[in-house]
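These notes are about the structure you will find just below.
The values are calculated or read from the model by the stated rules, or taken from the named source; none is laboratory data. Source: prediction; values computed, not measured. Methodologically, a virtual Cβ is constructed for each residue, glycine included, from the backbone with ideal geometry; neighbour enumeration extends over all protein chains shown.
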Amino acid sequence: MTSIKSDFRILFIKMKKKILYFALTLMMASTLQVKAQYAPTDSTFKRWFVGSSLFVLGNFSKTDKPDFAQLNLGYRITRKDVISLELITWKYAWPLGINPFFNKSYGKPEEKFPGYIREFGFGLAYQRYFWKGLYAAVHVMPMRQTFVNENDVKVGNGFHIFNSYRVGYHVKLFKDKFFIQPSLGLAGRPYHSKMPEGFKEKDDKWPKYTPEPGLHFGFNF
């Protein structure tokens, strides 16, 4: 069983890498556009949008499903300034400081929590466009945590603030009815409450911030 889980984690990481490479290719191709992302004469401009993250595809796994869900509701204040509300829940069994793209310790049994952490949170994000579809963004998300041991018994509650700082590109699709936003960022926790014993020992070994790719998609209305 451990071997099957390990093989899946490797497959899932490869899948996320392929998604990221595909998104970066689209982002580079989009820079060839002559028209600015939302020029004053752009008739397709819409204020509101809903969206999510393409990493929901991880829920199709048969083992160690993250039960990931995310819903974004956004509003374009101006053609360069955007705010959005983000609702998210997921679970994980390895410290967030282990980067699955750069660190081989991700997925190893000796680094696993004695159970898993389930999180629910809502956050605010602000985007500022600088050139065509190129933007910078700040995401601030308070999250409530539930700690569950290996017997599926709750052993505690917690709280942390999960922030991310991103640079990405907005790609318009199908006459701007849809869009995708590949990005690269730095994600981490400026504050978190004390973890239960066992969880704390594993988490303390790893940094509080780590690089993180992103790929959001949405529908404009």
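Find the residue count for segment 46-63, including only residues that are part of a loop (DSSP other than H, G, I, E, B) and either touching a residue at least 60 places away in the same chain (Cβ under 8 Å) or closer than 22 Å to Pro114 by Cβ (or both).
Going residue by residue through segment 46-63, those that are part of a loop (DSSP other than H, G, I, E, B) are 46-47, 61-63.
Among the residues that remain, those that are also either touching a residue at least 60 places away in the same chain (Cβ under 8 Å) or closer than 22 Å to Pro114 by Cβ (or both) are: 46, 61, 63.
Summing the residues that are part of a loop (DSSP other than H, G, I, E, B) and either touching a residue at least 60 places away in the same chain (Cβ under 8 Å) or closer than 22 Å to Pro114 by Cβ (or both) in segment 46-63 gives 3.
Which residues, taken from segment 193-221, are under 24 Å from Phe101 (Cα atoms) and in a strand (DSSP E or B)?
Taking segment 193-221 as the starting set, the residues that turn out to be under 24 Å from Phe101 (Cα atoms) are 199-217.
Correct list: Tyr209, Thr210, Pro211, Glu212, Pro213, Gly214, Leu215, His216, Phe217.
In segment 64-95, how many residues are buried (at least 17 other Cβ atoms within 10 Å of the Cβ), aliphatic (A, V, I, L, M) and assigned to a strand (DSSP E or B)?
2
From the list Phe147, Phe113, Phe120, exactly one residue is buried (at least 16 other Cβ atoms within 10 Å of the Cβ), out of contact with any His (no Cβ under 8 Å at 6 or more places or on another chain), modelled with pLDDT of 95 or more and in a strand (DSSP E or B). Which is it?
Answer to the check: Phe147.
So is Gly133 farther than 18 Å from Ile117 by Cβ, under 16 Å from the mean Cα position of the chain (by Cα), surrounded by 14 or more Cβ atoms within 10 Å (Cβ to Cβ) and not acidic (Asp, Glu) or not?
No: the conditions fail for Gly133.
Restricting the first residue to segment 111-138 and requiring it to be on the phi > 0 side of the Ramachandran plot, which pairs with a second residue that is among the aliphatic types (A, V, I, L, M) and assigned to a loop (DSSP other than H, G, I, E, B) meet a Cβ separation below 6 Å and a spacing of at least six or different chains?
Lys132/Ala36
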